[in-house]
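What follows is one structure encoded as structure tokens, with my remarks underneath.
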Amino acid sequence: MFIQTEATPNPSTLKFIPGKPVVEGDPRDFRSADEATISPLAEKLFAVRGVEGVFLGADFITVTKDDGEWQHLKPAVLGAIMEHFMSGAPVIRNGESEVVADEGEFAEADQQIVTTIKELLDTRVRPAVAQDGGDITFHGFKEGVVYLQMKGACAGCPSSTATLKHGIENLLRHFIPEVSEVRPV
């Protein structure tokens, strides 16, 4: 099994591409070992000393480290991923595959605006963010302000504020005049 690695804009996060599907449906973001109990793969990764975040995408895994150096962590992370896929164990335990979709908070009168925001996020933003090993989710729209959450490599990334303010905000304001600002959750 050959696992590719890619750097992300976040120096604390590496993207691992196992060449196999990782999760179906919505990505999964684990910020602690306690949250990872539904995923044997995430549990294995959190067992590697220095791992502080695991994000499972459709065909990639991003791992966020603490203060350690990637040159020391990377071999152990690669070993944990390879061991998991060679074992045949599921990435997400049976019965735990459903993610309850949060529709976000917004006024019913803004339904059409929110539908357009979500469509733009799904078609134009999420694919680009996934290329960097992350994801973005809609959390609300109120008085012209769109609330979004960055996940995976994008959470805590030094350039995530610029991505939100200059990239995503400009895109949404261009297509939806009612949008005045984008803020992180």
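Restricting attention to region 1-35 and to residues that are in contact with a Ser or Thr (Cβ under 8 Å, 6 or more places away or on another chain) and of a type in the set (D, E, K, R), the residue that is surrounded by the fewest Cβ atoms within 10 Å (Cβ to Cβ) turns out to be E24. Taken together, the criteria exclude L73 from residues that are touching a His at 6+ places or on another chain (Cβ under 7 Å) and either modelled with pLDDT under 90 or closer than 30 Å to P40 by Cα (or both). Among the residues examined, D59 qualifies as touching a strand residue (DSSP E or B) at 6+ places or on another chain (Cβ under 8 Å), of a type in the set (D, E) and open to solvent by 30 Å² or more (accessible area, probe 1.4 Å).
The residues of region 117-148 that are in contact with a helix residue (DSSP H, G or I) (Cβ under 7 Å, 6 or more places away or on another chain) and part of a helix (DSSP H, G or I), listed by number, are I117, L120, R124, V125.
For region 39-49, the candidate set comprises residues that are touching a residue at least 12 places away in the same chain (Cβ under 8 Å) and buried (at least 17 other Cβ atoms within 10 Å of the Cβ); within that set, the residue that is nearest to the chain's Cα centre (by Cα) is A42.
Please find, within region 109-156, the residue that is surrounded by the most Cβ atoms within 10 Å (Cβ to Cβ) out of those that are closer than 26 Å to T13 by Cα and aromatic (F, W, Y). Here the residue is F138.
The values are calculated or read from the model by the stated rules, or taken from the named source; none is laboratory data. Keep in mind the model is a prediction, meaning the values are calculated, not measured. For neighbour counting, all protein chains shown are included, and Cβ atoms are generated from backbone atoms with ideal geometry for every residue, glycine included. Just the protein is used for accessible areas: all its heavy atoms, side chains included, with ligands, DNA and RNA removed. Shrake-Rupley method; radii C 1.70, N 1.55, O 1.52, S 1.80 Å.
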